[in-house]
Amino acid sequence: MRITVEVNGRTRESDVEPRMLLCDYLRHELGLTGTHVGCEHGVCGACTVLVDGEAVRSCLTLAVQMSGRSVRTVEDLAPEGEELTEIQLAFRKHHALQCGFCTPGILMSLTAEQNRPAPSREDALDSVRGHICRCTGYRGIKRVVEEVFAESDAENPR
């Protein structure tokens with residue numbers, strides 16, 4: 001099937017098998033290997049990308065479903081030569097990654113939360129709960145959320 005999809009701000013036209021997963025399309029057809037494939041059941045969160053601004057598990061999404069939509073991967077957060085995002089800088093500051101396998105998915109989920117009209121620390125923490133990280137124990141990741149979303153909570157009290 002022929003699809004036209006915007007990936008990281010660039011329009012892509014491709015012929016794909018109807019059963020091809022979005023994660024496989026990104027990795028194998030477009031060479032965007034920052035999207036990791038872990039469990040292939042939507043449980044671990046490593047494959048999370050943004051579709052029209054919303055966090056989506058790309059291992060549960062068919063590439064053909066993306067026709068006419070916008071997909072953003074971790075490669076687009078700080079393209080080569082550009083500054084790291086606030087979330088990426090906080091990850092570095094708080095040592096919130098070790099092996100890095102889960103990191104792209106967590107970054108994308110937190111980016112989706114940060115882009116909401118009134119992001120909250122609790123919503124951001126809730127989005128991270130949907131990710132499995134076997135290395136960090138989540139302390140550093142929690143510190144990232146507390147730092148990045150503290151200002152949002154102050155601006156948008158519930």
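Being part of a loop (DSSP other than H, G, I, E, B) and open to solvent by 40 Å² or more (accessible area, probe 1.4 Å) is the filter here, so list the residues in segment 80-116 that pass it.
Selection gives Glu80, Gly81, Glu82, Glu83, Leu84, His95, Leu97, Gln98, Cys99, Phe101, Asn115, Arg116.
Taking the criterion of being outside any loop (DSSP other than H, G, I, E, B), at pLDDT 95 or above and under 23 Å from Gly140 (Cβ atoms), would at least one residue in segment 28-49 satisfy it?
yes
Six or more apart or on different chains, Cβ atoms under 8 Å: show the pairs whose first residue is in segment 50-75 and over 16 Å from Ile106 (Cα atoms) and aromatic (Phe, Trp, Tyr) and whose second is at pLDDT 95 or above and not in a loop (DSSP other than H, G, I, E, B).
none
Of all residues in segment 119-136, how many are farther than 17 Å from Cys39 by Cβ and either open to solvent by less than 50 Å² (accessible area, probe 1.4 Å) or of a type in the set (S, T, N, Q) (or both)?
So the answer is 6.
Scan segment 61-78 for residues that are closer than 20 Å to Thr103 by Cβ, open to solvent by 40 Å² or more (accessible area, probe 1.4 Å) and not acidic (Asp, Glu) and report the count.
Matching residues across segment 61-78 total 1.
Suppose we filter segment 1-27 for residues that are in a strand (DSSP E or B), hydroxyl-bearing (Ser, Thr, Tyr) and over 22 Å from Ala78 (Cβ atoms); how many remain?
Matching residues across segment 1-27 total 2.
The values are calculated or read from the model by the stated rules, or taken from the named source; none is laboratory data. Keep in mind the model is a prediction, meaning the values are calculated, not measured. Positions of Cβ are generated from backbone atoms using ideal geometry, with glycine treated the same way; all protein chains shown enter the neighbour counts. These accessible areas exclude ligands, DNA and RNA; they are computed on the full protein's heavy atoms, side chains included. Shrake-Rupley method; radii C 1.70, N 1.55, O 1.52, S 1.80 Å.
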